[in-house]
Amino acid sequence: ESASHNEGEAANGHEEAYSDPFLAEFDDDDERDFLEDAGRSRVAQQTQEVEKLISLLRPDRDDETVLNACAKLTALFREQPSQRRTLLTHHGVIPIMEMLEMSNVDVLHAVLKVVGQIIENDREFQELLSLAGLIPIVAKFCRPSVPRAIRLQAGSLVKQFLTTSDVTLQMLVACGGLPILAGLLVPCTDPDDAMQVRGGERHPGGPDVALGCVAVDGIQRVFQLSSLGTGRGAIPKNDFCRLLAKEGVLVRLVALLEHCRSPKGETECATLGIQATNLILEISTVLEVFSHGDTVVKQHLAAPAVVEGLLRTLTLEAPFPLRSHNRSSVGTSYGGTNASDPAEVTLSGTVPLGEEEIGPLVKSLLKCIKNLCMEPTVLDRLDAAGVIPTLVPFLAYCSQMSKLSMSEGRPQSNRRAKRVGS
């Protein structure tokens, strides 16, 4: 026992005397350095991969090679946004821009996705690619004659320029952004997309909600530029209204509004994750801004197709029943959208009161009509469109709402009814 005890003490003493020199020298700082070295190694490998993929983006390469390279670049930039800097250090911007001159639809779509991943939420890259000529190229892909898949991808790029910063928005406008926004409201005219599947149903060239939503948001943001002026002042909203009206946006906005109110339009909005009610109110708000414009703007807004669309919506949104009679002389529709003719309303003394008060959409459209009525040069058009018989029931309804509120002692509702009636 004594011998074994001595042997144990000797062994313990030997273990205490021996220490791993490498373990003693390896501290927390060394571990951090090791991990940093490993990270730098991965970044270096990713950089080499980006360089290799960029070298494959050449017009003389076969389509399959280019498509695979684009798919890998898109995934890599999504996972490692910092690798986008490799494009600058290795002259990768221009080769990608040159690939946008290809005629293959699949290649164009893939390259546009890469570009979208590059500029996503990055003001610096958006400005750099704009200086390289990106915006005019994107404008070309927003045209109605371009296949819808390409237009959607181009519309996504436009949305990036609209929302990233005021500078990129100004650059978009300076590079012809207003015609771009107007073009997004035009249905696709490409023969292969003549019948498009959207929202689970086929639409014969009607308004496109996905593209229209970008256009409406863009127009609202353009109007905000009027408050961004410095020095000599801001650009008046009226100037933007005149330019957009001349591009034909008003009739297209009304067509989009009516489309979003239809069952097909509501289904399309739901499929895209868009609240149809919100989009409709945004359109009416934009139209209300136009109604404050000068004589030229109001004359565009008083076009038969625009006014008739407004009256149809008012008739359908009224919180009370309206009797309508179709006019044989009026049958305007836009983009193949079928809609009832403007209403001729006869009033039999009173209008039945509903439980709902007049909603924000009707209020906004009534303000548009009111502002139009203040322009003497368009009164004949409004009369021919049937504005008066359409508005009379609303006036009677608001008057009765006012009387009812007073009789029930509801001053707040009374004031609301009076504001609507005015």
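The values are calculated or read from the model by the stated rules, or taken from the named source; none is laboratory data. Predicted model only: the values in this text are computed from it and were never measured. Methodologically, a virtual Cβ is constructed for each residue, glycine included, from the backbone with ideal geometry; neighbour enumeration extends over all protein chains shown. To get the accessible areas, we keep the full protein, side chains included, count just its heavy atoms, and leave off ligands, DNA and RNA. Shrake-Rupley method; radii C 1.70, N 1.55, O 1.52, S 1.80 Å.
Maximal additional length on extending the residue 305-residue 132 stretch stands at 58.2 nm, based on 0.36 nm per residue less the C-alpha distance. Computed 3J(HN,Hα) for region 131-139, one whole-Hz value per residue from the Karplus formula 6.51 cos²θ - 1.76 cosθ + 1.60 where θ = phi - 60°, is 5, 7, x, 5, 4, x, 5, 4, 4, glycine and proline marked x. The packing ranking of peptides 97-103, 118-124, highest mean first, is 118-124, 97-103, where packing means the average number of other beta carbon atoms within 10 angstrom of each residue. Expressed as a whole percent, the accessible area of region 209-315 that falls on carbon and sulfur atoms is 51 (1.4 Å probe). Charge dipole of region 82-163 (Cα centre as origin; +1 on each Lys and Arg Cβ, -1 on each Asp and Glu Cβ, all else neutral): 260 debye, rounded to the nearest 20. Extension gain for residue 285-residue 363 works out to 27.1 nm (0.36 nm per residue, less the C-alpha to C-alpha distance). Compared with the alpha-carbon gap, the fully stretched path from residue 61 to residue 239 is longer by 59.4 nm at 0.36 nm per residue. Put a dot 7 Å past the Cα of residue 44, heading toward its Cβ, do the same for residue 104, and the two dots end up 3.4 nm apart.
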